[in-house]
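A.B. asks: Pasting in a structure now, in structure tokens, and then I'll have a few things to ask.
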Amino acid sequence: MSTLTIRLPDDKHERLKSLARANSISVNKLMDELATVALANYDARVRFETRAARGDAVCALDLLDKLDAAE
């Protein structure tokens, strides 16, 4: 496991602490969950762009449908 230090404005840090508290989790767990969501979105975009580059519109549209269903 790695340690990551980030710099945030104090007000943003306080809001993140409040969000974590509201969800009964630590700020560390909140950041882990947010990173997971960001990476999932990135992976979906890469898959979509790869399929779109192949010119397979049906597969690309199917992928968009799956993304809509997941939200």
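A.B. asks: May I ask you to list the residues in segment 31-71 that are over 13 Å from the mean Cα position of the chain (by Cα) and hydroxyl-bearing (Ser, Thr, Tyr)?
C.D. replies: THR50
Yes or no, residue by residue, for (1) β-branched (Val, Ile, Thr); (2) on the phi > 0 side of the Ramachandran plot; (3) not in a helix (DSSP H, G or I):
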residue	(1), (2), (3)
ILE6	yes, no, yes
LEU16	no, no, no
LEU19	no, no, no
SER24	no, yes, yes
LYS29	no, no, no
LEU34	no, no, no
ASN41	no, no, no
ALA44	no, no, no
GLU49	no, no, no
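A.B. asks: Among all residue pairs at least 6 apart or on different chains, which show Cβ distances below 7 Å where the first residue, located in segment 31-53, is farther than 22 Å from ARG7 by Cβ and free of Cβ contacts under 8 Å to residues at least 12 places away in the same chain and the second is assigned to a helix (DSSP H, G or I) and not acidic (Asp, Glu)?
C.D. replies: Within 7 Å, the pairs are ALA52/ALA60.
Bear in mind these aren't lab numbers, they're just calculated from the coordinates by the rules spelled out. On a predicted model such as this, the values are computed, not experimentally measured, just so you know. Counting neighbours? That spans all protein chains shown, and the Cβs are built from the backbone with ideal geometry, glycine included.
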